[in-house]
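Trainee: To start, I am sharing the structure in question, which I have written as structure tokens.
Taken together, the values in this text are just the output of simple stated rules run on the coordinates, not laboratory data. This structure is a prediction, so every number in the text was calculated from the model and none was measured. Using ideal geometry, Cβ is built from the backbone for each residue, glycine included, and neighbour counts are taken over all protein chains shown.
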């Protein structure tokens, strides 16, 4: 399996790139109740993961053969789905439906990307919403963009220093001790480069 798509139980993709990605998905793992939303949309899950407390009994019966019942409160359903995806050794994992509805779930799911980078390696991990793309990396690299595109950078490592080339505002003196610190930047050209002083997970959000 080269590419796995995880559909979380947040806001279902409504259009644009997120919905296109869902429609073209090669293999879909649904987090619990997200399976109902996918079926109502007219598509079928390949696997359903979670404690299955949000899945109607009729769908539990219909999809009994592809349900992976994972109990325990230490991990949320998205992390449980990620563990199942990693076991299949894909080249990439795309997460959809992980934002919206409850804000605490949104923040938790975005922050978990830093953990998923190590968990899924060497597979790449990205998250798409209707409004933008989250990419997670742990080394210097170049990112595609379009001139004027809004870019935000997040990290949880206060010792990390990032030098940016191709962004409107410098990031050299940013201390990542709060989520807003390197947010609301802007791309100046079709790509930008981030150079790190040491390896550490960071998340780049590119608004659509």
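Trainee: Pop the C-beta distance of residue 108 and residue 58 into the FRET formula with R0 = 22 Å and round what comes out to the nearest 0.05.
Mentor: Efficiency at R0 = 22 Å is approximately 0.15.
Trainee: Something else now. Pull out a ≥ b ≥ c, the square roots of the eigenvalues of the alpha-carbon gyration tensor of region 64-184, then state rounded if a/c is under 1.5, prolate if not and a/b is larger than b/c, and oblate in the remaining case.
Mentor: It comes out prolate by the Cα gyration axes.
Trainee: To continue, here is another question. How much length is gained on full extension from residue 179 to residue 3, taking 0.36 nm per residue of separation minus their Cα-Cα distance?
Mentor: 60.4 nm
Trainee: Now for a separate question. Antiparallel versus total DSSP beta bridges in the chain: what percent is that, nearest 5?
Mentor: Antiparallel bridges make up about 60 percent of those DSSP assigns within the chain.
Trainee: Of 131, 192, how do they rank once you tally other Cβ atoms within 10 Å and put the fewest first?
Mentor: Ascending Cβ contact count within 10 Å gives the list 131, 192.
Trainee: Starting from the Cα gyration tensor of region 98-138, take the square roots of the eigenvalues, sort them a ≥ b ≥ c, and report rounded, prolate or oblate (rounded when a/c is under 1.5, otherwise prolate if a/b is larger than b/c, else oblate).
Mentor: Oblate shape, in that a/c is at least 1.5 and b/c is the bigger or equal ratio.
Trainee: At residue 75 and residue 91, where each label point lies 7 Å from the Cα along Cα→Cβ, what is the point-to-point distance in nanometres?
Mentor: Here the answer is 2.5 nm between the modelled labels.
Trainee: Expressed as a rounded percentage, what relative contact order does the chain have, with Cα pairs under 8 Å and six or more residues apart?
Mentor: Averaging sequence separation for qualifying contacts and normalising by length gives 20 percent for the chain.
Trainee: Would you calculate the separation in nanometres between label points at residue 46 and residue 118, each defined as 7 Å from the Cα along the Cα-to-beta-carbon direction?
Mentor: Once both label points are built, they end up 2.8 nm from each other.
Trainee: Just to confirm the number: angle between the C-alpha axis of helix 77-87 and the first principal axis of the chain, 0 to 90 degrees, nearest 10?
Mentor: 90 degrees
Trainee: Can you tell me how region 1-117 classifies by the Cα gyration tensor, rounded, prolate or oblate, using a/c under 1.5 as the rounded cut?
Mentor: rounded
Trainee: Please compute the contact order of region 138-207 in relative form: average sequence separation of alpha-carbon pairs under 8 Å and at least six residues apart, divided by the residue count, as a percent.
Mentor: The normalised contact order for region 138-207 reaches 50 percent.
Trainee: Go ahead and estimate [θ] at 222 nm for the chain from helices alone: -39,500 (n - 2.57) per DSSP H run with n ≥ 4, summed, over the residue count, rounded to 500.
Mentor: Mean residue ellipticity, 222 nm, calculated: -6500 deg cm²/dmol.
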